[in-house]
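Beneath this line is the structure, given in structure tokens, with notes to follow.
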Amino acid sequence: MELLQFSYFSRQLGGVTGIDVVDEMLQASKDNFIEAEKQNPWFRSEFVNLVKGNALQLPIEDNSIDVAAQNCLFNIFKHEDLVKALKEMYRVLKPHGRLVLSDPTGEQKMPEALKNDSRLRALCLSGALPLKEYIKMITDVGFGTVEIRAKRPYRILDPVNYDTDQLIFIESVEVCAIKDPMPADGPCVFTGKTAIYFGGEEYFDDDKGHVMTPNQPLAVCDKTAGNLKALKRNDLFISESTWFYDGGGCC
């Protein structure tokens, strides 16, 4: 489905690349493309280039991809392989290219019995990381900007049905990691915070590239939100994270 969605916006021969390690999945995609051509006049199978490969060694040239997408990357792999997969994604993206991710996250410690259950890991239930750790793994491989696009309730792992002595609440997070240069003072992470200046001057300038006019909201990254809050001005409002960010940021 993702390949079809990308094709809709690209509509170029070979404009979309799909990678899978399983031959049967590649063949199923080819079969589905034939049906998609019948149901969608705009679609041609040649829009998609199917390639056999795996996430740990992508058969893609360096700096050649505009947008990469992956579901449940964090929950399928264990730590060492996850780092390799993220580095591969970073390698193939063009400068300012985007990696779009959707993964379950959880703030509670996952019991080792669940963490090592391969069946639950394949179901994207047992590899959930705390969000801060999730973001750090992304920025540690070099992504200078990370946007939290959405965060929603996802699942409950309960003692009756799972090997745990407490309820474990899991959320689903949608993230866009951008291959921007890493700022000297650390990555820009947008979690949906907003700054509003409501003073009496024509504008407020923090001398760091952020100019605000009265009562006009400005989406800011968490780093900038912290810096503005540290000014302790009584004419600046900084919201909490909404976990829904849709662009138009400060940095």
Express as a percent, rounded to the nearest 5, the fraction of DSSP beta bridges in the chain (both residues included) that run antiparallel. 65
What aspartates and glutamates could a cross-link reach from K94, if we take a straight Cα to Cα line under 12 Å and drop same-chain neighbours fewer than 8 places away? E61, D62, D66, D180
Debye calculation, C-alpha points only, no solvent: report log10 I(q)/I(0) for region 191-238 at q = 0.21, 0.26, 0.28 Å⁻¹, in the same order as the q values. -0.63, -1.00, -1.16
Hey, if you drop one equal point scatterer on each alpha-carbon of region 56-189 and run the Debye formula without solvent, what base-10 log of I(q)/I(0) do you get at q = 0.11 Å⁻¹? -0.40
Contour minus Cα-Cα distance for Q27 and K115 (0.36 nm per residue): 28.5 nm
Can you compute the FRET efficiency between D207 and H96 using 1/(1 + (r/R0)^6), with r the Cβ-Cβ distance and R0 = 25 Å? Round to the nearest 0.05. 0.45
To the nearest 500 deg cm²/dmol, what mean residue ellipticity at 222 nm is calculated for the chain from DSSP H runs of n ≥ 4 alone, each contributing -39,500 (n - 2.57), summed and divided by the residues? -8000 deg cm²/dmol
Quick check on my link table: of K84/K136; K30/K52; K109/K179, which ones sit more than 22 Å apart, alpha carbon to alpha carbon? K109/K179
Using alpha carbons only, what's the Rg to Rh ratio of the chain with Rh from Kirkwood? 1.03
Label-point separation (nm) for F198 and N63, each offset 7 Å from Cα along Cα-to-Cβ? 4.7
What residues of region 229-248 lie in the reach of a label at Q216, counting those whose backbone N is under 17 Å from a point 7 Å from the Cα along Cα→Cβ? 236-237, 248
Cα-based Rg and Dmax for region 1-53, in Å, come out at 10.3, 30
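Every number here is computed from the coordinates shown, using simple stated rules; none is lab data. Computed from a predicted model, the values in this text were never measured in an experiment. So basically every Cβ, Gly included, is an ideal-geometry build from the backbone, and we count neighbours across all protein chains shown.
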